[in-house]
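This report concerns only the one structure given below.
The values are calculated or read from the model by the stated rules, or taken from the named source; none is laboratory data. Treat the numbers as computed from the prediction; the structure is a model and nothing was measured. Don't worry about glycine lacking a Cβ; one is built from the backbone with ideal geometry, like all the others, and counts go over all protein chains shown. These accessible areas exclude ligands, DNA and RNA; they are computed on the full protein's heavy atoms, side chains included. Shrake-Rupley method; radii C 1.70, N 1.55, O 1.52, S 1.80 Å.
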Amino acid sequence: EVQTVSGLAGDITLLAWLRRTRRLTGSKEGCAEGDCGACTVVLARPEAGGSMVWRPVNACILFMGMLEGASITTIEGLSDGAGGLHPCQQAMVDFHASQCGFCTPGFVMSLFAAWCNGEGLEAEAIDDTLAGNLCRCTGYRPIVDAGLSLVRVDLPASELARRQTEAELIAKIAHSGTVRLVDDGAENNVAFVTPTTADEFTDFYFDNPNATIVSGATDVGLWVTKQQRHLPVILWTGRVDCFKKATETDDHIRIGPAVTHQQVMSGLAARWPDLGE
Ligand code: FES
Ligand code: FES
């Protein structure tokens with residue numbers, strides 16, 4: 001479904017919205033600081049070349065405005081619609097990979113992202129795929145075995161249909177305009193603003209020097225969830241194309257403010273191998 005939201009504070013997280021507004025409580029809150037993976041959902045957006053990439057993300061520190069134009073799949077969206085378990089869920093059952101179950105939706109979503117991308121379930125990669133998810137009662141061996149078993153599972157028809165729908169809906173909602181999420185009911189109109197050009201970004205910051213600039217929100221998200229701070233204006237780098245580029249010359253590397261750690265790491269590791277580790 002396409003979700004249109006308005007009247008939300010800019011510092012509302014996806015997890016808060018899912019659980020409190022949509023009453024989708026499959027995604028859990030464990031640490032609320034991006035460490036345990038209990039809140040993992042899968043975010044999909046087309047990359048620069050047009051191919052779709054599915055990323056496991058921590059909903060607890062993801063602000064709603066960062067989802068503009070993206071698709072989110074939660075654990076509730078995985079079954080085939082007729083009540084049957086998704087292969088990533090079934091594997092967890094088959095390998096007895098769940099006890100209290102609190103971590104399980106997050107593990108399933110991390111496996112689902114790897115399964116969608118067609119990489120990360122191999123023996124040499126599975127530990128990294130699951131490194132963002134903590135389990136305190138099952139032990140990791142059965143969870144790893146569940147993940148390894150998925151390499152052999154073909155895509156069911158329901159999954160092909162889901163992907164097609166996802167791609168169509170993402171194409172339908174695509175636009176290049178600035179988005180402002182403003183809580184009209186709040187005293188200070190808490191806002192989340194997503195410029196799409198560097199000029200627009202700098203103009204806005206010039207006029208609003210108190211705005212908090214956010215990229216991945218892995219620090220700033222904790223100001224909200226742990227320090228209970230309210231950020232009056234959040235300015236997001238994630239929709240400005242030139243901010244997503246890293247360029248190298250002989251004597252320097254220039255890293256745009258919206259470049260991801262993963263994106264830049266291979267280039268850095270080529271010069272300084274220790275950074276790759
Ligand atoms: Fe622990 Fe989000 S609740 S990573
Ligand atoms: Fe209990 Fe993982 S099954 S924390």
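Can you tell which of ILE61, LEU24, VAL42 lies farthest toward the positive end of the dipole of the stretch 5-66, using +1 and -1 charges on the Cβ of basic and acidic side chains (Lys, Arg; Asp, Glu)? Comparing the listed Cα positions along the dipole, LEU24 ranks first. Note on LEU134: accessible area approximately 70 square angstrom, rounded to 10, probe 1.4 Å, nucleic acids and ligands left out. The residue list LEU160, LEU231, GLY147 was ranked by how far each Cα lies along the charge dipole of the stretch 114-234 toward its positive end, using unit charges on Cβ atoms, and GLY147 comes out on top. Hey, what did the chain get for relative contact order, percent, Cα under 8 Å, at least 6 apart? Result for the chain is 20 percent. Taken over the chain, the percentage of Cα pairs per 10 Å bin, counting from 0 up to the bin with the maximum distance, is 6, 26, 34, 24, 8, 1. Straight-distance candidates among the aspartates and glutamates for linking to LYS28, with alpha-carbon spacing under 15 Å and chain neighbours fewer than 8 residues away dropped: GLU76.
Three principal axis extents describe the C-alpha atoms of the stretch 149-277; from largest down they are 54, 48, 32 Å. Simple point charges give the picture: +1 on the Cβ of Lys and Arg, -1 on the Cβ of Asp and Glu, and for the stretch 219-275 a dipole about the Cα centre of about 360 debye. Coupling constants for the stretch 54-63 follow from the phi torsions by the Karplus curve (6.51 cos²θ - 1.76 cosθ + 1.60, θ = phi - 60°), and in residue order they are 9, 10, x, 10, 8, 5, 5, 10, 10, 7 Hz; glycine and proline get x.
Taking the Cα centre of the stretch 96-248 as reference, the dipole from Cβ charges on Lys and Arg (+1) and Asp and Glu (-1) amounts to some 420 debye. Rounded to the nearest 20 debye, the dipole magnitude of the chain is 700 debye, with +1 charges on Lys and Arg beta carbons, -1 on Asp and Glu beta carbons, and the Cα centre as origin.
Estimated from helices alone, the mean residue ellipticity of the chain at 222 nm is -8500 deg cm²/dmol (sum of -39500 (n - 2.57) over DSSP H runs with n ≥ 4, per residue).
For ALA38, the residues 5 or more places off, or on other chains, whose built amide H falls under 5 Å of its own are GLY30, CYS31, LEU134.
Please list, ordered by chain and number, the residues whose modelled amide H lies under 5 Å from the amide H of ALA246; skip anything fewer than 5 residues away on the same chain. Sorted by chain and number, the residues that satisfy this are GLY256.
At the residue level, HIS252 shows approximately 90 square angstrom of accessible surface with a 1.4 angstrom probe and all protein chains present. Distances between placed amide hydrogens fall under 5 Å for ILE234 paired with ALA191, PHE192, VAL193, THR212, all partners being 5 or more residues away or on another chain. In summary, the convex hull built on the alpha carbon positions of the stretch 130-190 has an orientation-averaged projected area of 9.2 nm².
Note that the stretch 26-32 has calculated 3J(HN,Hα) couplings of x, 7, 9, 9, x, 9, 6 Hz, one per residue in order, obtained from phi through the Karplus relation 6.51 cos²θ - 1.76 cosθ + 1.60 (θ = phi - 60°); glycine and proline are x. The stretch between VAL151 and SER6, if pulled fully straight at 0.36 nm per residue, gains 48.1 nm over its current Cα-Cα span. In the elastic network of the chain, a GNM with C-alpha springs shorter than 10 Å, the most mobile of GLN227, GLN99, GLN262 is GLN262.
Over the chain, with every protein chain in place, what whole percent of the accessible area is carbon and sulfur at 1.4 Å, could you tell me? Summing carbon and sulfur atoms, their accessible area is 51 percent of the total for the chain. Under 1.5 on a/c is rounded, so check that first for the stretch 74-175, then, if it is not, pick prolate when a/b is larger than b/c and oblate when it is not; a ≥ b ≥ c are the square roots of the alpha carbon gyration tensor eigenvalues. Prolate, because a/c is 1.5 or more and a/b exceeds b/c.
For the stretch 2-103, the relative contact order works out to 27 percent when only alpha carbon pairs closer than 8 Å and six or more residues apart are counted. Surface analysis of the chain yields an accessible area of 54 Å² per residue, using protein heavy atoms and a 1.4 Å probe. Applying the Karplus relation 6.51 cos²θ - 1.76 cosθ + 1.60 with θ = phi - 60° to the stretch 229-242 yields 3J(HN,Hα) values of 7, 10, 9, x, 9, 10, 10, 9, 7, x, 10, 9, 4, 6 Hz, where x marks Gly and Pro.
Applying both filters, DSSP loop and at most 15 other Cβ atoms within 10 Å, to the GluC sites (Glu not before Pro) of the stretch 156-235 gives GLU187.
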